[in-house]
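The values are calculated or read from the model by the stated rules, or taken from the named source; none is laboratory data. All figures in this text were calculated on a predicted structure; none of them were measured in a lab. All Cβ positions, even for glycine, are placed from backbone atoms using ideal geometry, and neighbour counts span all protein chains on display.
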Amino acid sequence: MFEKLLARLRGRAAGFEIPEPVFAVPFETEVSDLDEDEVYQGYTLEDCIGAVYGLEYIDAKGARSRRRVTLRGVGRGVGRSDEADDVYYLRGYCHERKAPRIFRSDRIVSLTHLGTGEVIEAFEDFLAELHARDDTSVALADLRPAVNVLAFLGWCDGDFAAKERAEIVRYVLTQHGDAEEDRVRAYVDVVHPDPDTFHDSLDRISGWNATKTKAFLRAVKRVADADKIISTEEMDILMEIGDVVKS
């Protein structure tokens, strides 16, 4: 029964055209033929971080490309070979390939946050910080599936309102009191899940215990009610959430 419901969800969610993030700076893209070393190696979408970056990259064959990548996670020592290495790996969704990809930090030439225009100068340190697990990182890792679903609900009508964002921040801080509010808010402001991320996250939430599930469903109600308007798109998503996640 659950598999049928999830299949229905995937079909419905895939039909939504979620607006692309608004970029503060222009970024000219350029990609050549498929770079075999960049192919996504099956990391879970639970690792999604959500901001979109302009990435200039040189692959193993020396081909240079420029692309927009939604950052989904950072790993270390998880290369294609069986021998572990000490390189950070950026995992994300490439908007030029329209597919998940993986990029080695030692082949990244430049990294730009396309939401703010900030050029990440010391990107090795930046990736190391993302890879670290402090209280806020732990909170976001634990509740990332829920944040993805709640943000998708907020975005589905094309207007992710400030009150909807505030309710998501409130939810995270209620569940993890040690998390830093400013960092949680900054994360919620840039997260922009696609339909694949939405249904994968909902799948994970379906396995949560009763207490955690009830807290999530309360947050769903608060986000839906935040702007006092429930659109047709939001109603469809709410029905799908109710089908898959039971309190």
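In the set Leu130, Leu143, Leu114, Leu153, which member is touching a residue at least 24 places away in the same chain (Cβ under 8 Å), under 18 Å from the mean Cα position of the chain (by Cα), more than 30 Å from Lys228 (Cβ to Cβ) and surrounded by 22 or more Cβ atoms within 10 Å (Cβ to Cβ)?
Within the list Leu130, Leu143, Leu114, Leu153, the selection yields Leu114.
If you go through the stretch 92-116 one residue at a time, how many are over 30 Å from Ala215 (Cα atoms) and either among the hydroxyl-bearing types (Ser, Thr, Tyr) or outside the structural domain of Ala60 (by TED's automatic domain parsing) (or both)?
Going through the stretch 92-116 one residue at a time, the tally reaches 4.
With the checklist (1) over 18 Å from Arg165 (Cβ atoms); (2) in contact (Cβ under 8 Å) with a residue 24 or more places away in the chain in hand, flag the one item Gly207 doesn't pass.
(2)
For the stretch 229-247, which residues satisfy the criterion of being of a type in the set (A, V, I, L, M) and assigned to a loop (DSSP other than H, G, I, E, B)? If you could, list the steps in order and put the result at the bottom.
Quick first cut of the stretch 229-247, residues of a type in the set (A, V, I, L, M) only: 229-230, 235, 237-239, 241, 244-245.
Once the filter is applied, which keeps residues that are of a type in the set (A, V, I, L, M) and assigned to a loop (DSSP other than H, G, I, E, B), the stretch 229-247 yields Ile229, Ile230, Val245.
Asp85: of a type in the set (D, E, K, R), modelled with pLDDT under 70 and buried (at least 19 other Cβ atoms within 10 Å of the Cβ), yes or no?
no
Go through (1) in the same structural domain as Arg204 (by TED's automatic domain parsing); (2) of a type in the set (Val, Ile, Thr); (3) more than 18 Å from the chain's Cα centre (by Cα) one by one and return the number of the condition Val119 breaks.
For Val119, the exception is condition (1).
Pick from Val109, Val119, Val25: which is more than 28 Å from Asp200 (Cα to Cα), surrounded by fewer than 15 Cβ atoms within 10 Å (Cβ to Cβ), in contact with a Leu (Cβ under 8 Å, 6 or more places away or on another chain) and at pLDDT 85 or above?
Unique residue meeting the criteria: Val119.
Here's the yes/no breakdown for (1) buried (at least 16 other Cβ atoms within 10 Å of the Cβ); (2) within 28 Å of His95 (Cα to Cα):
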site	(1), (2)
Glu164	yes, yes
Val169	yes, yes
Glu181	no, no
Val190	yes, yes
Pro193	yes, yes
Asn209	no, no
Thr213	yes, no
Phe216	yes, no
Ala219	yes, no
